1. Tilt of helix 245-259 relative to the longest C-alpha principal axis of the chain, in degrees (0 to 90, nearest 10)?
2. To the nearest 0.05, how large is the calculated FRET efficiency for residue 208 and residue 249 if R₀ is 41 Å and r is the Cβ-Cβ distance?
3. Along the Cα-to-C-beta direction of residue 155, a point sits 7 Å from the Cα; which residues of region 194-232 have their amide N less than 13 Å from that point?
4. So for 263, 33, fewest C-beta neighbours within 10 Å to most, what's the order?
5. Fewest to most neighbouring Cβ within 10 Å: what's the order for 168, 185?
6. Starting with the fewest neighbours, write out 202, 255 ranked by other beta-carbon atoms found within 10 Å of each beta-carbon.
7. Report, in degrees rounded to the nearest 10, the 0 to 90 angle that the Cα long axis of helix 19-28 makes with the longest principal axis of the chain.
8. Only one of the listed values, (i) 20.7; (ii) 19.7; (iii) 18.7, was derived from the coordinates as Kirkwood radius over Cα pairs in Å; which label is it?
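Any read-out appearing in this document is the output of simple, stated calculations on the displayed coordinates, not a laboratory observation. Note that the structure is predicted; figures quoted are calculated from it, not measured. Ideal geometry is used to build each Cβ from the backbone, glycine not excepted, and the neighbour counts take in all protein chains shown.
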């Protein structure tokens, strides 16, 4: 990834839900892949953010997705998301389990870093808040395991950097575009300004993690270029922008073209 940056090319990660898109992303030149419960929900045509609620066992889902994706890969690394608030698992043991299965790193996904109000306060009072996610990254750092830290704020990004994260992903929320329209509309310029401020805080820590961004208004390459040209980040992690929206478009175009044929 460092070589790509030296050549002035963005680092590109793709969050995938199946072997088909994983194989296509690798062939197209992605630098790394990520999978976690949110990818499964996205594949089913519903918002990936549903993985933050109790509709499935997110860690079992990561494990199952890996069993489908890893056999399809050649050389590209796959990072697995861990829900570190799981009351039924020893997170330390689960980290080792994922690495033994062939995962190349760990991410704090799903994350509760974007929760607000009582939904955020209550877990924090029970010592089950975002600090647990920081602890996950710190634990992996101590074991020399590659980490992707998902962050929403300057404070979170700084704490994750201090915990030793190898990569900081600045999350702008649900990707705006395609069939699943988000009611929260933020412009690329506004989002890029926020990302730049968070990235500056990371740089000020004196460490040198890779800094990527994800989601929000960045649904198309031309949109992503707005943020990449600022110089504050090294690349992008795409989920819906690489897996959902292109698939929706391709399916609709093909079906429409066939439907327009004449007997």
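1. Once rounded, one gets 10 degrees.
2. 0.65
3. none
4. Numbers: 263 2, 33 26.
Least crowded to most crowded, the residues run 263, 33.
5. On the way: 168 29, 185 10.
Ordered from fewest to most neighbouring Cβ atoms within 10 Å, 168, 185 come out as 185, 168.
6. Working: 202 26, 255 10.
Starting with the residue having the fewest Cβ neighbours, the order is 255, 202.
7. So the inclination is approximately 90 degrees.
8. (iii)
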